[in-house]
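K.L.:
One structure coming up, written as structure tokens, with questions to follow.
The values are calculated or read from the model by the stated rules, or taken from the named source; none is laboratory data. Since the model is a prediction, treat every value here as computed from it, not as a measurement. Each accessible area value is taken on the protein alone, full model and side chains, heavy atoms only, with ligands, DNA and RNA left out. Shrake-Rupley method; radii C 1.70, N 1.55, O 1.52, S 1.80 Å.
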Amino acid sequence: MLAFIYSFVILLVETSEHSKSGMAAFYDEYLNIPGFEAWKFVNLTIFVLLLVYIAKRPLSDAFKAKREAIRADLIRAEAEKQAALAQLTSAEAKLVALEQEKAAILQRARDEAAAEKSRIAAEAEADVSKMLQQSASEIARLAQLTRAELRRLSAEESIRLAEQKLRSKITPESDGRLIKASIDAIGGLN
């Protein structure tokens, strides 16, 4: 279309070129600059305006849809960010609670260890005193048995020594006298 208009303008210029008035003078003065070629700019302008007019509605709808999609993505991202912050806060609170629980467990373990230590020490002292009592009673029992054994041995030895002395002093005459005295003490011979 522009080519048609341009051709028409060129035709007008050529027909009136001999006279150099009006349109031809304007064309030579303003539009016939080498390398300028105003028709290209006019053609480009008309093409851009036509393209904008034709593509404006689909592009604006596409841009609106894209803008709404971006807005929805931003809203969703903000909601996810808030959820992540809530989870982070929850996790930090749990970490603090875990630290407190850890400290409480450690303190309880220390207390239990101290109580166990004192219980074991008390049991050890009780066992030691019990063993001391048992050993003292065992020593006393052994001392009594030893004393009894010594008395028995002493009595046996005394009897043996006395018997030995008596045997060395008894003669057959004194033996007969002792037997006769024993019989008389019993009540005589029947």
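K.L.:
Being at pLDDT 70 or above and either open to solvent by 60 Å² or more (accessible area, probe 1.4 Å) or not in a helix (DSSP H, G or I) (or both) is true for just one of 63, 36. Which residue is that?
P.N.:
That would be 63, the only listed residue that is at pLDDT 70 or above and either open to solvent by 60 Å² or more (accessible area, probe 1.4 Å) or not in a helix (DSSP H, G or I) (or both).
K.L.:
Among the candidates 14, 80, which residue alone is open to solvent by 90 Å² or more (accessible area, probe 1.4 Å) and modelled with pLDDT of 80 or more?
P.N.:
80
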